[in-house]
Amino acid sequence: MKVLIGSDKSGFALKEQIKEDLLQKGYEVEDLGTRDLAKVMPFFEVAPVVAERVARNPGQKAILICGAGTGMSQVANMYDGVYAASCESVYAARMCRAINDANILCMGGWIIAREMGIEMAEVFLNTGFTQGLEEWRQEFLRLEAGIPHLQNA
């Protein structure tokens, strides 16, 4: 599975740790953000690059990391077809996929520790839409996804 990843200066250390773990697990990882602290990209430059790629490629998953995760999420969600969720727990990372079908996980480098960030990335990448939910909830979410006014809200 190919995963896009990006960070600004505040998310750089966590991004590097998650990227290393994903590569060791056999993921193909493309880093579209700050790759060197001598050439820092701000969150409002990184998020559009990643969001545009996700918007053009249905099924593509990405991880964005800034200080709190909020800035990346806000910018990425400006793109059609992008559903970026700022998460601070493994549970939230799982549920943003299962309930919201999020395609970009946003995290805060100032908030999330290495081990938790790695686990959040793994759970996000390996949880499917409606996976692990009760049948009635799966049915409801599938119906909701088909309502045009909610898709474009």
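Residue 79: of a type outside the set (Val, Ile, Thr) and over 25 Å from residue 132 (Cα atoms), yes or no?
When the stated conditions are applied, residue 79 passes them.
Taking residue 6 as the residue in question, decide whether it is buried (at least 24 other Cβ atoms within 10 Å of the Cβ) and part of a strand (DSSP E or B). Judged against the criteria, residue 6 is a match.
Pairs are defined by a Cβ separation below 7 Å, a sequence spacing of at least 6 or placement on different chains, a first member in the stretch 112-130 that is under 14 Å from residue 83 (Cβ atoms), and a second member that is not basic (Lys, Arg) and not in a helix (DSSP H, G or I); the pairs so defined are 124/105; 129/101. Where helices (runs of 4 or more DSSP H) fall wholly inside the stretch 41-150, the ranges with 1 or more residues that are surrounded by 18 or more Cβ atoms within 10 Å (Cβ to Cβ) and modelled with pLDDT of 95 or more are 43-56, 70-76, 90-98, 114-126. With respect to the conditions (1) out of contact with any helix residue (DSSP H, G or I) (no Cβ under 8 Å at 6 or more places or on another chain); (2) within 18 Å of residue 33 (Cβ to Cβ), residue 124 lacks only one, and its number is (1).
The values are calculated or read from the model by the stated rules, or taken from the named source; none is laboratory data. Since the model is a prediction, treat every value here as computed from it, not as a measurement. We place every Cβ from the backbone using ideal geometry, glycine too, and count neighbours over all the protein chains shown.
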